[in-house]
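Enquirer: The structure is given below, and queries will be raised subsequently.
Every read-out reported here was derived from the displayed coordinates using simple, explicitly stated rules and does not represent laboratory data. Fair warning: this is a prediction, and the values are worked out from it, not measured in the lab. All Cβ positions, glycine included, derive from the backbone under ideal geometry; neighbour counts span all protein chains shown.
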Amino acid sequence: MNELWPIIKSTNMQRFLIIILLTSFALTGFSQTKIDSKIDSVSSDYELIDYIETSPQFPGGEDSLWCFIENNLDFKILNYSNHQGKVLVFFEIDTTGKVINVQTNPDYTQRLEWLVNDSLIENEIRRVIKLLPDWKPGLQINKPIRVQYILTINIPYTDFKCKTIDNPTTAYWKVDKYAQFLYKGEKETKESIEKFISENGIWPSQDDCTGKVYLRVLINEQGELSDFVILRGLDDCRGFNEEALRLVRLMPNWKPAEIGGKPVKSYTVIPISFVIR
């Protein structure tokens, strides 16, 4: 169930509302007590009010809002890493209904333990929020007001709200059981990848580089890998991206993802670590 928390703030003789929009898929570990605490930490000028005369309205309603967001998000970016947590997205609807001042994870939210700070993920979320079409502006005392939403988005993003998603990548992320890589007796994907790299990896150059290259791949119903894309590489290190790509292309078949007990195509993101031991 979605919850809206209306708040009035006075700044420079202007009053505007902040609505904290907490989606049902993002409520885990975010209790009402923590919401109140967070509001207090933003500004002492905030005070709760009993009602909002007229909230901003997205064309077609809330379901249309989530359909717009989910049809435009690139899930291969949101789900590329092993992050577990949430991204906080702040944006305002001005008095003409336009979306302005989009930001993610501002400084005063950094104390939240579940916060996911990742420039690649945050840039993608901001990109989509900036694409939102004009809203019908909010009203207070029959006058247009500026309204801010604080939206929490779970990472990885797997709980979809839109009832009619057209995004072709969505079907490859929304599965019951994720694809697995089981290599030479290892029982977990992470350990299997590490063993495979240790047996087959070649240090690319004399560069003293360390880090990870993240590749997205498509795994078909037979567990075969294709559609190799580097999501984040070590661009300043000679040959490291190329070596990561070579290793992933060399991998044997994976155990495919499942929906309803049947194998299906799915996307997965494979991290290739370069570590000096």
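Enquirer: Report the dimensions of region 231-277 along its three principal axes from the alpha-carbon atoms, largest first, rounded to Å.
Expert: Ordered largest first, region 231-277 gives principal extents of 43, 19, 19 Å.
Enquirer: Assuming a viscosity of 0.890 mPa s and a temperature of 25 °C, what translational diffusion coefficient in µm² per second does Stokes-Einstein assign to region 189-274, Rh being the Kirkwood radius over Cα pairs? Mind dumping the intermediate values first?
Expert: On the way: Rh = 13.5 Å.
It diffuses with D of about 181 µm²/s by this estimate.
Enquirer: Enumerate the residues in region 227-258 having an amide nitrogen under 16 Å from the point lying 7 Å beyond the Cα of C209 toward its Cβ.
Expert: 230-248, by backbone N distance to the label point.
Enquirer: For region 66-152, what class follows from the C-alpha gyration tensor (a ≥ b ≥ c being the square roots of its eigenvalues): rounded when a/c is under 1.5, otherwise prolate if a/b is larger than b/c, else oblate?
Expert: Numbers: a/c = 2.98, a/b = 1.65, b/c = 1.80.
Judged from the Cα gyration tensor, region 66-152 comes out oblate (a/c at least 1.5, b/c at or above a/b).
Enquirer: Please give the contour-minus-distance gain from L115 to K195: 0.36 nm per residue of separation, less the Cα-Cα distance, rounded to one decimal in nm. Don't skip to the answer; put the middle values down first.
Expert: Details: separation 80, 0.36 × 80 = 28.80 nm, distance 3.07 nm.
Value of the extension gain: 25.7 nm.
Enquirer: Is there a pair in K86/K130; K76/K177; K86/K190; K76/K262; K86/K187 whose C-alpha atoms are over 26 Å apart, and which pairs would that be?
Expert: As for pairs spanning more than 26 Å Cα to Cα, those are K86/K187.
Enquirer: Relative to the present Cα-Cα distance, how much length would full extension add between T96 and D235 at 0.36 nm per residue of separation?
Expert: Result for the pair: 45.8 nm of gain on full extension.
Enquirer: Restrict the search to region 101-168; then list the GluC sites (Glu not before Pro) that DSSP places in a loop and that have at most 13 other Cβ atoms within 10 Å of their Cβ.
Expert: Those that pass, being in a loop and sparsely packed, are E113.
Enquirer: Can you compute the FRET efficiency between H83 and N142 using 1/(1 + (r/R0)^6), with r the Cβ-Cβ distance and R0 = 51 Å? Round to the nearest 0.05.
Expert: Numbers: r = 44 Å, r/R0 = 0.87.
Here the calculated transfer efficiency is 0.70.
Enquirer: Quick check: convex hull of the Cα atoms in region 130-277, volume per residue, rounded to a whole Å³?
Expert: 180
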